[in-house]
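A short worksheet on the structure shown next.
The values are calculated or read from the model by the stated rules, or taken from the named source; none is laboratory data. Since we're looking at a predicted model, the values are computed, not measured. Quick reminder, even Gly has a Cβ in these numbers, built from the backbone with ideal geometry, and neighbours come from all protein chains shown. These area figures cover heavy atoms from the full protein model, side chains too; ligands, DNA and RNA do not enter into them. Shrake-Rupley method; radii C 1.70, N 1.55, O 1.52, S 1.80 Å.
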Amino acid sequence: MLQKKARPGYKKIIKTSAKTLIVVEALLFAVSYAGWYRLNTNREFRYYVKENYPSILEAYYQLGETLGGDKSIRTYDDNVWQQEQQQAAKK
């Protein structure tokens, strides 16, 4: 009669850990992409990030300038926010 041999316990732990790591990495990638997408498409969200997490917005701008070589988003945002502050001051 053939006897079944138990799989070593460490192989099961490694396999489970690898699956968990892949799932966690996929979730973190999805969250970071969603944050980048929102920063990239929503000026009001960029303003919120500027007020509460300025280092994150600075990293976003620097990454865009490094990859694209274009400072237009930063300049455009600053101009719009200054105009909004001036309009608010007039009221």
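One residue stands out in segment 34-50 among those that are over 15 Å from the mean Cα position of the chain (by Cα) and not acidic (Asp, Glu): the one that is surrounded by the fewest Cβ atoms within 10 Å (Cβ to Cβ), namely 43.
State whether one or more residues within segment 61-69 are in contact with a helix residue (DSSP H, G or I) (Cβ under 7 Å, 6 or more places away or on another chain) and surrounded by 10 or more Cβ atoms within 10 Å (Cβ to Cβ). Yes, some residue in segment 61-69 is in contact with a helix residue (DSSP H, G or I) (Cβ under 7 Å, 6 or more places away or on another chain) and surrounded by 10 or more Cβ atoms within 10 Å (Cβ to Cβ).
I need the full set of residues from segment 70-81 which are open to solvent by less than 80 Å² (accessible area, probe 1.4 Å) and either over 20 Å from the mean Cα position of the chain (by Cα) or among the basic types (Lys, Arg) (or both), in order please. The answer is 72, 74, 75, 78, 79, 80, 81. Where the second residue is of a type in the set (A, V, I, L, M) and the first is at pLDDT 90 or above and lies in segment 58-87, which pairs have Cβ atoms under 8 Å and are six or more apart or on separate chains? As it stands, the answer is 60/39; 60/49; 61/73, since those pairs meet every condition given.
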